[in-house]
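Worksheet: one structure, shown below.
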Amino acid sequence: MSHRPAVLPVILLLAILLVAGSAMGTGAAAEAVRSVPQAVADLLTKANQAAPAEVVALINAWTGEPHPLLLLARGRARWRLAQETAARLGTEHAHLITDAEADFTAALKLDASLKQAHLGLAQCAADREDWNAAMREIAAGMELESADRALMAFYASAALRAHDWRLATLATQQGILRFPDDAQLRKLEVAVLVHGGQAEQARQAILALLAHDPGDAELWRQLAWSAHETGRTDETLGALEAALALKPADGLVRRQLAEAQLSQGLPQAALETVRPLIGDPPRAEALADDQLMQLASRAAADGGALSQARSWLAAVPEAKRSREQRLAAARYAVQEGDVKDAGAALDTLIAGGERDPAVLVWAASLAETRGEAARAETLYLQAIGSDKPASSGASLRLTALYLTQNRRDEARNVLASYLATHPDDVHARALEAQLARSRSSSGR
């Protein structure tokens, strides 16, 4: 299994941001404990009991002097409104985020010590996926010793998304030391361990999490990775099966399981696993996925369903077939004794510019089988002209072809050129002896 699990599932990140947002909202009320004018305090009290849109309207209607806590409250309300429009990600959402940032920035200009404004800016930066900015604002707005678990998780997740692995490690460690039972921080720790390739440590951390939450499909997928990396093949398969059972519509997990089953010599199981990804008849998006079609056809071929393998590859539009697909189609055709289709697949590749001597020799051999000696000769000569190691076999095959056609002089010339660079080749020496005998018997 070559796929390393994602750094942080999007659903988990959203949960962190929403929880952090709730915590920061209550923190804004705490800022109001400061000494403020009575009118400002009264407006903040009303805002604290109002819906986000009402908060914006209330503060927009304020005619007094600008106050940092009012700007903070309006920024928080705008950020919350933006989350309500997040699914649409249209201009309204972008404008709300921009307006919220403007409020937080203005609040800081009036009161640079207003840490909640920094945290608001961090959330806006996270919304824009500017994780470096989010990290800077979190650091400016949090008190490490008193930060709650949601804020610690927000900090660690921002570091992960920014690929600041050192900071992510420190943030998760600090968070776990303070909140050892927090599942979000533990999952963030797993992401750090997975990225660092610490498979055994990740495995132990994942097993501990699964003991409390066996219904987390992402944890099972991460366990599959760590089990694979530590050589636990049965555990790898079991973990992927569990992940797929929890999320049967997850195409990535289904594909990973099929790959693992193939690697463990279970092609029939792999075929049944991958079949739903193809569809019946094959779906257009599946036919456009080169890696998926190769995986599915290999599972079918190795599982004894050669006709299915060939049918799937044949369903791929001619113009969309990859080199690997055409080579696979040729192999499966040969296995079913269909020399004509095998040759056609290779000929299409060669007509498209294929110059791999191994492919040229294979196509020439098939041409010989079909009785197309002239075509075989042309292909062998093309292969000999290549400077790749695989071209050497073409010389011996062409020599043998010339011998069957009684073209001894040409066979002798090809063989002499080959022996000049491969003097110790046993097969070449045997052909040389055969040529010598035929020359003696013919008197030439």
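Annotations
- Within the accessible area of the chain (1.4 Å probe), percent carbon and sulfur: 53
- Residue-level accessible surface for residue 179, protein heavy atoms, 1.4 Å, Å²: 30
- Whole-number accessible area per residue in Å² for the chain, which is evaluated in the context of all protein chains at 1.4 Å: 48
- Working note: 222 nm ellipticity from helices only, DSSP H runs with n ≥ 4, each -39,500 (n - 2.57), summed and divided by the residues of the chain, gives -23500 deg cm²/dmol to the nearest 500.
- For residue 184, neighbours were defined as the other residues whose beta-carbon sits under 15 Å from its Cβ, and their charges (Lys and Arg +1, Asp and Glu -1) total -2.
- FRET efficiency estimate (nearest 0.05) - Cβ-Cβ, residue 132 to residue 424, R0 60 angstrom: 0.45
- Only Lys, Arg, Asp and Glu carry charge here, each on its Cβ (+1 for the first two, -1 for the last two); on that basis the chain has a dipole of about 1280 debye about its Cα centre.
- Simple label model, 7 Å out from Cα along Cβ direction - residue 204 to residue 407, nm: 7.0
- Taking each of 109/187; 46/109; 46/115; 46/187 in turn, the alpha-carbon distance tops 31 angstrom for 109/187; 46/187.
- Quotient of Cα Rg and 2.2 N^0.38 Å for the range 140-181, N being how many residues it contains: 1.05
- Radius 15 Å from Cβ of residue 284, net charge of other residues (Lys, Arg +1; Asp, Glu -1): -2
- Pair-distance profile P(r), taking every C-alpha pair of the range 211-348, with 10 angstrom steps and integer %: 13, 38, 29, 15, 4, 1
- If you sort 146, 226 by accessible surface, 1.4 Å probe, largest first, the order is 146, 226.
- Scaling the Cα radius of gyration of the range 144-216 by the globular reference 2.2 N^0.38 Å produces a ratio of 1.04.
- Listed candidates (1) 34; (2) 21; (3) 50 - label of the one calculated as percent of Cα pairs over 39 Å apart: (3)
- All-pairs alpha carbon distance profile, the range 300-364, 10 Å steps from 0, percent: 22, 57, 21, 0
The values are calculated or read from the model by the stated rules, or taken from the named source; none is laboratory data. It should be emphasised that the depicted structure is a prediction, and the values quoted were computed from it without experimental measurement. Cβ atoms come from the backbone with ideal geometry, glycine included; neighbour counts cover every protein chain shown. Side chains are part of the model used for accessible areas, which takes the heavy atoms of the whole protein and leaves out ligands, DNA and RNA. Shrake-Rupley method; radii C 1.70, N 1.55, O 1.52, S 1.80 Å.
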